[in-house]
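What follows is one structure encoded as structure tokens, with my remarks underneath.
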Amino acid sequence: MIDVVIIGGGPAGLLAARRLAEAGCDVIVLEEHRHIGRPTHCTGIVSAEMTKLVKIPADIILSRLQHARLVGPDREACDITWAADGEEILTIDRAAFDETLAAQAVAAGAILRLGAFVDGLASTAKAVTVRVGRESIVAHACLLACGASYRFQRQLGLGLPGRLLHTAQIEVDAEPTERVELHVGRHVAPEGFIWMVPVLRDGRPRLKVGLVAKRDAAKYLRHFTERPEIARQLRETPPTPTTRLLPLKLTATSYAARVVVAGDAGGFTKPTTGGGIYYSLLTAALAADVLIDALHAGRLDAQFLSVYETRWQERLGHELRVGDWFRDLLVKLPDRDVGTLIRALATDDVQSMIQQTARFNWHRDLILSLLRQRGIASLLFRSLFR
Ligand SMILES: Cc1cc2nc3c(=O)[nH]c(=O)nc-3n(C[C@H](O)[C@H](O)[C@H](O)COP(=O)(O)OP(=O)(O)OC[C@H]3O[C@@H](n4cnc5c(N)ncnc54)[C@H](O)[C@@H]3O)c2cc1C
């Protein structure tokens, strides 16, 4: 019997595999696709803080971002420029990043099986059995790192993410720019936003244009790219977008007997933006540590594994609760108030507060500081009564 079977070869599954293998555990990663990192759904924006968990090879960096423009429903705009000595924000090639993680996991001794779609999971008092076609793989424990697919979580009674939105994204040749644009508004992307992120691929300037919304992501994206001022920036006809679900809230529970859940599979993304690479890696590292202890102690019962939930709550709990509460306020704002908010963000006072408190992976301080600005607070608190 092997020690840990991991379902899903994304960042969460691959980092956990490496850590478990480095600790001497027998570990196998089962990934449904034939190529790691493909198809790529993700934009790949991360901050340099990620290097605390994994190195970012220089050759997978597609752009370094320093300027952003937030555009409102009536084209109100607010520009934000990060201080040159501030936090470094990068766009990475997600497929190449995942390949790097896979190579590290395999070098550490993990087995990686591609084209291995897990279509069954059974957990008993003695073992976990996963099924890949006609084959059964028996392990002491299972890490669910299967991204935004929730069949096994439902089966095990772990629940679904409290919020699931729809995404669509394209990448096209485009006019060169250094600025990220974010567009918001109920008619632009209901309950979400649109992003335009510049990258340089093989020397060619390109744009990743994507959208997260409550519904009809591909339709809203098409409407956006058909706007004359947007179409002018694109140097090729937009292809059919990649679409995918994005969790923006946790599942009810992140562990069961012999099972722990990391990354998107547990709904670990930032409630504000849906960014999840860093939280996937962080929860994977915590999950691997708990599984290593559990295997050593011979304790794979739910009570022992509950320490995983305690540990991620310590790191992320407050952050996720504040972010989620803030999102609830934002989505209730009528477009008129969104425009007012964007104009408020553009004022000097708020700009300097943003510079002091904004951090890419941690939004709580920025949110709490915004709520200390009287005009912004009264605008947002009106949402409580909508
Ligand atoms: C459009 C879009 C843009 C995004 N942009 C950003 C961004 O810029 N920055 C950021 O931080 N985050 C971003 N995210 C979020 C980020 O992509 C995820 O948080 C991250 O990929 C989660 O990693 P993961 O390992 O948990 O899951 P995934 O990367 O989804 O990996 C899960 C893997 O499991 C496999 N799998 C699923 N079911 C099975 C099965 N039954 N058997 C075998 N294999 C299975 C899947 O094929 C997949 O390869 C974006 C998400 C979307 C949708």
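The values are calculated or read from the model by the stated rules, or taken from the named source; none is laboratory data. Since the structure is predicted, the reported quantities are computational estimates derived from the model, not experimental observations. Positions of Cβ are generated from backbone atoms using ideal geometry, with glycine treated the same way; all protein chains shown enter the neighbour counts.
Residues that are of a type outside the set (Gly, Ala, Ser), loosely packed, with under 14 Cβ neighbours inside 10 Å and assigned to a helix (DSSP H, G or I): does region 228-250 have at least one?
yes
Taking region 1-40, which residues are surrounded by fewer than 20 Cβ atoms within 10 Å (Cβ to Cβ) and either within 6 Å of the ligand (Cβ to nearest atom) or among the basic types (Lys, Arg) (or both)?
Listed by number, the residues that qualify are GLU32, HIS33, ARG34, ARG38.
Check ARG75, ARG64 and return the single one that is surrounded by fewer than 17 Cβ atoms within 10 Å (Cβ to Cβ) and farther than 19 Å from ILE194 by Cβ. Write out each step before concluding.
Numbers: ARG75 fails: farther than 19 Å from ILE194 by Cβ.
Just a single option satisfies the conditions, and that option is ARG64.
Could you list, in sequence order, all residues of region 156-196 that are away from the ligand (no atom under 15 Å from the Cβ), among the basic types (Lys, Arg) and part of a loop (DSSP other than H, G, I, E, B)?
Answer for region 156-196, where residues must be away from the ligand (no atom under 15 Å from the Cβ), among the basic types (Lys, Arg) and part of a loop (DSSP other than H, G, I, E, B): just ARG186.
Given the criteria modelled with pLDDT of 95 or more and either closer than 25 Å to ALA213 by Cβ or surrounded by 13 or more Cβ atoms within 10 Å (Cβ to Cβ) (or both), does ASP289 qualify?
Working: modelled with pLDDT of 95 or more: yes; either closer than 25 Å to ALA213 by Cβ or surrounded by 13 or more Cβ atoms within 10 Å (Cβ to Cβ) (or both): yes.
Answer is yes for this residue.
Just to check your reading of the model, which residue among VAL138, VAL184, VAL132 is touching a Phe, Trp or Tyr at 6+ places or on another chain (Cβ under 9 Å), surrounded by fewer than 19 Cβ atoms within 10 Å (Cβ to Cβ) and of a type outside the set (Gly, Ala, Ser)? Walk me through how you get there before you give the answer.
Numbers: VAL138 fails: touching a Phe, Trp or Tyr at 6+ places or on another chain (Cβ under 9 Å); VAL184 fails: surrounded by fewer than 19 Cβ atoms within 10 Å (Cβ to Cβ).
Selected residue: VAL132, the only one of VAL138, VAL184, VAL132 that is touching a Phe, Trp or Tyr at 6+ places or on another chain (Cβ under 9 Å), surrounded by fewer than 19 Cβ atoms within 10 Å (Cβ to Cβ) and of a type outside the set (Gly, Ala, Ser).
Looking only at region 49-68, decide whether some residue is near the ligand (Cβ under 10 Å from one of its atoms) and touching a Leu at 6+ places or on another chain (Cβ under 8 Å).
Here is the first cut: in region 49-68, the ones near the ligand (Cβ under 10 Å from one of its atoms) are 50.
Filter again for touching a Leu at 6+ places or on another chain (Cβ under 8 Å), leaving 50.
Checking region 49-68: at least one residue is near the ligand (Cβ under 10 Å from one of its atoms) and touching a Leu at 6+ places or on another chain (Cβ under 8 Å).
If the Cβ limit is 6 Å and pairs must be 6+ apart or interchain, which residue in region 93-119 that is within 30 Å of VAL199 (Cα to Cα) pairs with which residue that is away from the ligand (no atom under 12 Å from the Cβ) and basic (Lys, Arg)?
Note: pairs meeting the criteria are GLN104/ARG18; ALA105/ARG18.
Whether any residue in region 262-270 is at negative phi, of a type in the set (Phe, Trp, Tyr), at pLDDT 95 or above and surrounded by fewer than 24 Cβ atoms within 10 Å (Cβ to Cβ) is what I want to check.
Keep residues of region 262-270 that are at negative phi, which gives 262, 264-266, 268-270.
Now drop any that are not of a type in the set (Phe, Trp, Tyr), which leaves 268.
Checking which are at pLDDT 95 or above leaves us with 268.
Then keep just the ones that are surrounded by fewer than 24 Cβ atoms within 10 Å (Cβ to Cβ); that gives none.
No, because not a single residue in region 262-270 is at negative phi, of a type in the set (Phe, Trp, Tyr), at pLDDT 95 or above and surrounded by fewer than 24 Cβ atoms within 10 Å (Cβ to Cβ).
Taking into account only those residues within region 120-129 that are surrounded by 14 or more Cβ atoms within 10 Å (Cβ to Cβ) and touching a residue at least 60 places away in the same chain (Cβ under 8 Å), which is farthest from the ligand (Cβ to nearest atom)?
Per the stated criteria, the residue is ALA127.
Run down ALA107, ALA95 and say which single residue is within 20 Å of LEU62 (Cα to Cα), part of a helix (DSSP H, G or I) and not acidic (Asp, Glu). So that I can check it myself, show each step before the final result.
Values: ALA107 fails: within 20 Å of LEU62 (Cα to Cα).
Criteria check complete, one pass: ALA95.
Quick check on region 271-286: of everything there that is crowded, with 22+ Cβ neighbours inside 10 Å and polar (S, T, N, Q), which residue is farthest from the ligand (Cβ to nearest atom)?
THR283
Which residues, counting only those in region 77-110, are away from the ligand (no atom under 14 Å from the Cβ) and among the β-branched types (Val, Ile, Thr)?
ILE80, THR81, VAL106
Rundown of residues vs (1) buried (at least 17 other Cβ atoms within 10 Å of the Cβ); (2) at negative phi; (3) at pLDDT below 95; (4) in the same structural domain as HIS183 (by TED's automatic domain parsing), yes/no style:
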{"site": "LEU305", "(1), (2), (3), (4)": "yes, yes, no, no"}
{"site": "GLU309", "(1), (2), (3), (4)": "yes, yes, no, no"}
{"site": "TRP312", "(1), (2), (3), (4)": "yes, yes, no, no"}
{"site": "ARG315", "(1), (2), (3), (4)": "no, yes, no, no"}
{"site": "GLN356", "(1), (2), (3), (4)": "no, yes, yes, no"}
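Which pairs have Cβ atoms under 6 Å, sit 6 or more apart or on different chains, and link a residue in region 255-269 that is part of a strand (DSSP E or B) to one that is within 14 Å of the ligand (Cβ to nearest atom) and of a type in the set (A, V, I, L, M, F, W, C)?
ALA256/LEU156; VAL259/CYS142; VAL260/LEU143; VAL260/ALA287; VAL261/LEU144
Answer yes if at least one residue in region 225-238 is within 13 Å of the ligand (Cβ to nearest atom) and modelled with pLDDT of 95 or more, and no otherwise. Steps first, please.
First, pick out the residues of region 225-238 that are within 13 Å of the ligand (Cβ to nearest atom): none.
No: region 225-238 contains no residue that is within 13 Å of the ligand (Cβ to nearest atom) and modelled with pLDDT of 95 or more.
Among the residues of region 293-303 satisfying the criterion of being of a type outside the set (Lys, Arg) and surrounded by fewer than 19 Cβ atoms within 10 Å (Cβ to Cβ), which is nearest to ALA256 (Cα to Cα)? Break it down into steps so the answer makes sense when it comes.
Start the filter on region 293-303 by keeping residues that are of a type outside the set (Lys, Arg), which leaves 293-298, 300-303.
Remaining after also requiring surrounded by fewer than 19 Cβ atoms within 10 Å (Cβ to Cβ): 293, 296-298, 301-303.
Numbers: ASP293: 16, HIS296: 18, ALA297: 17, GLY298: 15, ASP301: 7, ALA302: 5, GLN303: 8 Å.
The selected residue is ALA302.
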